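Peer 1: After the C-alpha cells below, expect a handful of questions from me.
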Amino acid sequence: MNEAQIMEKLRSVVSQDDPKALYSKIRKVGQGASGHVYVAKTHATGKKVAIKEMDLSNQPRKELIVNEILVMKESQHPNIVNFLDAYLVKSNELWVVMEYMEGGALTDIIENNTLEEDQISSICLETCKGLGHLHSQSIIHRDIKSDNVLLDAQGHVKITDFGFCAKLTDQKSKRATMVGTPYWMAPEVVKQKEYGAKVDIWSLGIMAIEMIENEPPYLDEEPLKALYLIATNGTPTLKKPETLSRELKSFLSVCLCVDVKSRATADELLQHEFLKKACALSGLAPLLRFRNKQAS
C-alpha cells in the first residue's frame, strides 16, 4: 500500500466529528514511540477516556497504525482495552480514543509490589482470556509484556498496544518477521523461523517470570546478547525455583516450551491447574495502593 492508499483507508475508519468538541484533556499520562497519551473527559457523560495523539507526518509505518485501529475495532472483549473512536484532526494528526485504565501498566505494579501466587494467577488468567479471544480471530499480538497489560481501579486486566498485531490469513498462517521486544521473544521468532499464535504464550510465560522475579530473564544483557541467549538456552532458568508452587512451575513449563508443538495454546492454559488458583479481581486492587501514595 502506498501513502495515499494508507491515508484513504485511515479516513474510512475514523469518525468525521471534531473530537475537541466532544472531549477535554485533563493531563498527559504517557509518551510512547508513536505519540502522547492524555486522560480526557467526555463532555456528554463526564466519563474519563484515554486519548492517544499521533502526528502522522513523522510516522514511518502508518500501515501499523491503521492495522492497530482495525484490530481494536474488531476485537471488543472484556480483557482487551476497548477502542472507542478515532478522529483525524487537521490532516496529519490522529486521535485514538480508548477506555481509560487508571491502574496503569503491570510494569509499574510489579516495580511497586511483591505479587502473591494467587495474584499472578489472576493476571495470567485474565491475559490468557484476552489472548484466547485474539487467537480465535486469527490475530497474534506479538508484543505481550508487562508494559502492554493494563489494570483499572477495580482490578480488571486488559491487553493493549496492537501496533505489532498480525492477522493470519490462510496463505500467511505462519509468519516469519522479527517483531516484538527482545526479552519477551519466543525462540522461533529470534531464529526467524515461521511462527504462529503460540509466540504470545511464550511471552505470557516470560511476563509471569517478570511477576515472580521483577524482571524478564537477561534484562541486564544487551538486546543482541539477549537474543542470542534466548536462541541458544531455550527455556530460561528461574532464580529461586524452590520458592514456587508445583502448579506455577508446571504453568511456566508449558508456556516456555521451546518445542512449539508441545507448548500450550491459550485455550489449554485456561484449563491449567495454576489458573484455578486465581484470586478475585478485587484481590488485585490492593496492588494499586502505591498510586494513591504517589498522588498524595
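Peer 1: For segment 188-226, how many residues meet the condition of being of a type in the set (Lys, Arg) and within 18 Å of the chain's Cα centre (by Cα)? So that I can check it myself, show each step before the final result.
Peer 2: First, the residues of segment 188-226 that are of a type in the set (Lys, Arg): 191, 193, 198, 225.
With the extra rule that they be within 18 Å of the chain's Cα centre (by Cα), the set shrinks to 198.
Residues flagged as of a type in the set (Lys, Arg) and within 18 Å of the chain's Cα centre (by Cα) within segment 188-226 amount to 1.
Peer 1: Right, next: Looking at segment 158-180, is at least one residue crowded, with 19+ Cβ neighbours inside 10 Å, within 26 Å of LYS62 (Cβ to Cβ), modelled with pLDDT of 85 or more and not polar (S, T, N, Q)?
Peer 2: Yes, there is a match, as at least one residue in segment 158-180 is crowded, with 19+ Cβ neighbours inside 10 Å, within 26 Å of LYS62 (Cβ to Cβ), modelled with pLDDT of 85 or more and not polar (S, T, N, Q).
Peer 1: Of all residues in segment 63-90, count the ones that are without any contact (Cβ under 8 Å) to a residue 60 or more places away in the chain and out of contact with any strand residue (DSSP E or B) (no Cβ under 9 Å at 6 or more places or on another chain).
Peer 2: The number of residues fulfilling the criteria is 1.
Peer 1: Out of all the residues in segment 76-105, which are within 22 Å of ARG11 (Cβ to Cβ), crowded, with 18+ Cβ neighbours inside 10 Å and of a type in the set (Gly, Ala, Ser)?
Peer 2: Listed by number, the list holds a single entry, ALA86.
Peer 1: Hey, THR127 hits all of (1) at positive phi; (2) modelled with pLDDT of 95 or more; (3) of a type in the set (Ser, Thr, Tyr) but one; which does it fall short on?
Peer 2: Against the list (1) at positive phi; (2) modelled with pLDDT of 95 or more; (3) of a type in the set (Ser, Thr, Tyr), THR127 comes up short only on (1).
Peer 1: Within segment 75-101, can you find the residues that are outside any strand (DSSP E or B) and within 14 Å of ILE159 (Cα to Cα)?
Peer 2: To start, the set of residues in segment 75-101 that are outside any strand (DSSP E or B) comprises 75-79, 81-82, 90-92, 100-101.
Across segment 75-101, the qualifying residues are SER75, GLN76, HIS77, PRO78, ASN79, VAL81, ASN82, TYR100, MET101.
Peer 1: When segment 1-34 is examined, which residues are found to be part of a strand (DSSP E or B) and under 20 Å from LEU64 (Cα atoms)?
Peer 2: First, the residues of segment 1-34 that are part of a strand (DSSP E or B): 15, 23-32.
Within segment 1-34, SER15, GLY30, GLN31, GLY32 qualify.
Peer 1: Which residue pairs have Cβ atoms closer than 8 Å, lie 6 or more positions apart in sequence or on different chains, and pair a first residue in segment 204-233 that is closer than 21 Å to LYS249 by Cα with a second residue that is of a type in the set (Asp, Glu) and part of a helix (DSSP H, G or I)?
Peer 2: Correct list of pairs: ASN214/GLU111; PRO216/GLU210.
Peer 1: If you go through segment 45-66 one residue at a time, do you hit one that is among the β-branched types (Val, Ile, Thr), in contact with a helix residue (DSSP H, G or I) (Cβ under 7 Å, 6 or more places away or on another chain) and buried (at least 18 other Cβ atoms within 10 Å of the Cβ)? Spell out the reasoning first.
Peer 2: As a first pass, look at segment 45-66 and keep what is among the β-branched types (Val, Ile, Thr): 45, 49, 51, 65-66.
Subset that is in contact with a helix residue (DSSP H, G or I) (Cβ under 7 Å, 6 or more places away or on another chain): 66.
Cutting the leftovers down to buried (at least 18 other Cβ atoms within 10 Å of the Cβ) gives us 66.
Yes, segment 45-66 contains a residue that is among the β-branched types (Val, Ile, Thr), in contact with a helix residue (DSSP H, G or I) (Cβ under 7 Å, 6 or more places away or on another chain) and buried (at least 18 other Cβ atoms within 10 Å of the Cβ).
Peer 1: Applying the selection to segment 216-238, what residues are within 29 Å of ASN113 (Cβ to Cβ) and touching a helix residue (DSSP H, G or I) at 6+ places or on another chain (Cβ under 8 Å)?
Peer 2: PRO216, PRO217, TYR218, LEU219, GLU221, PRO223, ALA226, ILE230, THR235, PRO236, LEU238
Peer 1: Which of the residues belonging to segment 106-123 are buried (at least 19 other Cβ atoms within 10 Å of the Cβ) and touching a strand residue (DSSP E or B) at 6+ places or on another chain (Cβ under 9 Å)?
Peer 2: LEU106, ILE109, SER122, ILE123
The values are calculated or read from the model by the stated rules, or taken from the named source; none is laboratory data. Here the structure is a predicted model, which is why all the values come from computation and not from measurement. Reconstructed Cβ throughout: ideal geometry from the backbone, glycine too, with neighbour counts over all protein chains shown.
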